[in-house]
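Notes follow the structure.
The values are calculated or read from the model by the stated rules, or taken from the named source; none is laboratory data. No experiment lies behind these values; they were computed from the predicted model shown. In this analysis, Cβ positions are derived from the backbone assuming ideal geometry, glycine residues included, and neighbour counts consider all displayed protein chains.
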């Protein structure tokens, strides 16, 4: 079920329209952008003329309630059944991920248009990397090290931190923990400790947390011994956001404070 939190400006549900009935006084109607409407449907496996929400100027906000996800996570043995603990300290039997309800969306806008309406840049996206390693032991850690090696030359010592997408599910969390242990001086925060895991929205959400951290020049309060032992030496000017999928895919993004 999809709950509409904000409809957006002139949001309407449109199918392909009703061609061939003008003689009876019925207009064709349908979407304003027929090509985009058909392409969006095909991308999600629908028929080209299936109903879709068409947005005008400003997007809406929806919440996809997926109760089946809780059943899936529990059946797969990845649900948190033990007491709640910081993500990187969920090592006891019964540990795992706690699902969260998160929303995050991306707005594409030309810089000139944003400046014309008085929007100021908060951060700069300086690097984006992704891979899909085999799920053999040690492969995810090795993939993270390769991506880190590509970003490391541009990092400023003492001024960067990691926002981790770790969930508590194994073996992905152990692989990322091992990667972070190889970089003991780097401050780390795992938002999943506070908000749970929002599945597809988690990476975009963590990028937003990274941007807010850069705006304030500091990280939010650490949780657990794995995070508290890592402190910034100077002002926060760079944030690396990680994503390590339980089933597939690794990602790493470098954010920098905007000048």
In this structure, is residue 176 touching a strand residue (DSSP E or B) at 6+ places or on another chain (Cβ under 7 Å) and surrounded by 13 or more Cβ atoms within 10 Å (Cβ to Cβ)? yes
Checked pairs for the range 240-259, first modelled with pLDDT of 95 or more, second assigned to a loop (DSSP other than H, G, I, E, B) and surrounded by 22 or more Cβ atoms within 10 Å (Cβ to Cβ), C-beta under 6 Å and 6 or more apart or across chains, list as 242/164; 242/165
If you scan the range 152-171, which residues turn out to be surrounded by 22 or more Cβ atoms within 10 Å (Cβ to Cβ) and at pLDDT below 95? 165, 166, 167, 168, 169
Evaluate the range 170-184: report whether one residue or more is in the same structural domain as residue 201 (by TED's automatic domain parsing) and on the phi > 0 side of the Ramachandran plot. no
So the check is Cβ under 9 Å with 6+ separation or different chains; which pairs have a first residue in the range 196-224 that's in contact (Cβ under 8 Å) with a residue 60 or more places away in the chain and a second one that's in a helix (DSSP H, G or I) and exposed (fewer than 15 other Cβ atoms within 10 Å of the Cβ)? 199/69; 223/194
Based on what the data block shows, is residue 102 in contact (Cβ under 8 Å) with a residue 60 or more places away in the chain, outside the structural domain of residue 180 (by TED's automatic domain parsing), exposed (fewer than 12 other Cβ atoms within 10 Å of the Cβ) and outside any helix (DSSP H, G or I)? no
Could you tell me which residue of the range 227-249 is surrounded by the fewest Cβ atoms within 10 Å (Cβ to Cβ), considering only residues that are in contact with a helix residue (DSSP H, G or I) (Cβ under 6 Å, 6 or more places away or on another chain) and not in a loop (DSSP other than H, G, I, E, B)? 243
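Scan the range 214-226 for residues that are surrounded by 15 or more Cβ atoms within 10 Å (Cβ to Cβ) and within 16 Å of residue 166 (Cβ to Cβ) and report the count. Lay out the reasoning, then the answer.
Filtering the range 214-226 down to residues surrounded by 15 or more Cβ atoms within 10 Å (Cβ to Cβ) leaves 214, 219, 222-224, 226.
Filter once more, so that each one left must be within 16 Å of residue 166 (Cβ to Cβ): 219, 222-224, 226.
Matching residues across the range 214-226 total 5.
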Would you check if residue 126 is under 25 Å from residue 140 (Cβ atoms) and part of a loop (DSSP other than H, G, I, E, B)? no
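Does the range 55-63 contain any residue that is closer than 30 Å to residue 171 by Cα and surrounded by fewer than 16 Cβ atoms within 10 Å (Cβ to Cβ)? Walk me through it before giving the result.
Quick first cut of the range 55-63, residues closer than 30 Å to residue 171 by Cα only: 63.
Add one more test, that the residue is surrounded by fewer than 16 Cβ atoms within 10 Å (Cβ to Cβ), and what stays is 63.
Checking the range 55-63: at least one residue is closer than 30 Å to residue 171 by Cα and surrounded by fewer than 16 Cβ atoms within 10 Å (Cβ to Cβ).
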Which of the residues spanning the range 129-145 are assigned to a helix (DSSP H, G or I) and closer than 24 Å to residue 257 by Cα? 144, 145
Do we find a residue being modelled with pLDDT under 90, assigned to a strand (DSSP E or B), out of contact with any helix residue (DSSP H, G or I) (no Cβ under 7 Å at 6 or more places or on another chain) and farther than 30 Å from residue 94 by Cβ anywhere in the range 61-81? yes
Can you go through 51, 38, 23 and tell me which one is at pLDDT 80 or above and surrounded by 15 or more Cβ atoms within 10 Å (Cβ to Cβ)? 38
